[in-house]
1. So what's the net charge close to N167: Lys and Arg +1, Asp and Glu -1, counting the other residues with Cβ under 12 Å from its Cβ?
2. Going down the table (K143/K222; K148/K201; K156/K201), which pairs top 24 Å between alpha carbons?
3. Arrange E266, E200 by Cβ neighbour counts within 10 Å, fewest through most, would you?
4. Relative contact order (percent) for the chain, with alpha-carbon contacts under 8 angstrom and 6 or more residues of separation?
5. Fewest first, what order do S131, S170, S199 take by the number of other Cβ atoms within 10 Å?
6. Using Cβ contacts closer than 10 Å as the measure, can you line up L77, L263 from fewest to most?
7. Can you tally the net charge around V105? Count Lys and Arg as +1, Asp and Glu as -1, for every other residue whose Cβ sits under 13 Å from the Cβ of V105.
8. Mind putting together the pair-distance distribution for the chain? All Cα pairs, 5 Å bins, whole percent per bin, short to long.
Amino acid sequence: MELNILFFFFFFFFTISNAVTQFSPTDNYLINCGSPITSFPSNNRFFITDTSKPGSLFLSAKSLSFPLINNNPSPHLSQLYHTARIFNKESFFTFGIKKKGTHLVRLHFYPFFDISNANFHVSSNGYLLLSKFNGLEFENGEKEPILKEYLINVDKGVVEIVFTPFNESSFGYVNAIEVFSAPDRLIADTAMVVGFNVSEKINGLRNQGLETVYRLNVGGPKVTPFNDTLWRTWIPDDGVLRMNETSMDIHFSGRIQYQEGGLSREIGPDNVYS
């Protein structure tokens, strides 16, 4: 099953409501791959080592993979990218799920080693997330971590994430993994196709696999995970806006209020609505 890649442009309208509490997902797995210890990189989130669950390890076939540690990391680099796990053969992580439905899967990549033979696929619960991935884009310009984010429908009691090297001479890797249940209203089940002279609807989105391609804060500044209840990054639209002389930014300086049962900070933080 191939993953559907959709570009979502959310037009946020002000709503009136009571403030919501901090989001606490029912399922919440934060894994620092290859690390021998629990890490606390930022945002009040603890990332545990990928072999630290007694009696029920997340990682299968450990003999087919090995941890790698960056002995000279940049002081500005998150702890998540100080270690990695390397896969010589197909291996998978298994996470028990309490709440069926939409889950977010985030994969973190930052190769601090030779990746000339890196070439691998990543799949999860029947969805192909990455094909022949290697991270070679790091060779041009500044090295920056790559974050891949997906929303998958989970209809059984586990989420499996499978790393499969392309051939016998290649390998796969990952620095960190996040798997957590999404808020109930994060994704609408029906959406309109965005385009000129198009009025087509897409139905059944909650039963599909989706990849986040761009997350834009239209008319506003960059929003970091520290200021987002789902630990997301929203980038300004300056880099993708065309004919910006025909548009203008408008800001709201008041307090954002949310209507009970409607939009919430999990859909978009205050800095996006304002």
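No lab work stands behind these numbers, since they all come straight from the coordinates. Quick caveat: nothing in here was measured; it's all calculated off a predicted structure. Methodologically, a virtual Cβ is constructed for each residue, glycine included, from the backbone with ideal geometry; neighbour enumeration extends over all protein chains shown.
1. 0
2. K148/K201; K156/K201
3. Ordered from fewest to most neighbouring Cβ atoms within 10 Å, E266, E200 come out as E200, E266.
4. RCO, the chain: 25 percent.
5. Ranking S131, S170, S199 by Cβ neighbours within 10 Å, fewest first, gives S199, S131, S170.
6. L77, L263
7. -3
8. Histogramming the chain at 5 Å steps yields 1, 5, 11, 15, 17, 17, 14, 10, 6, 3, 1, 0, 0 percent.
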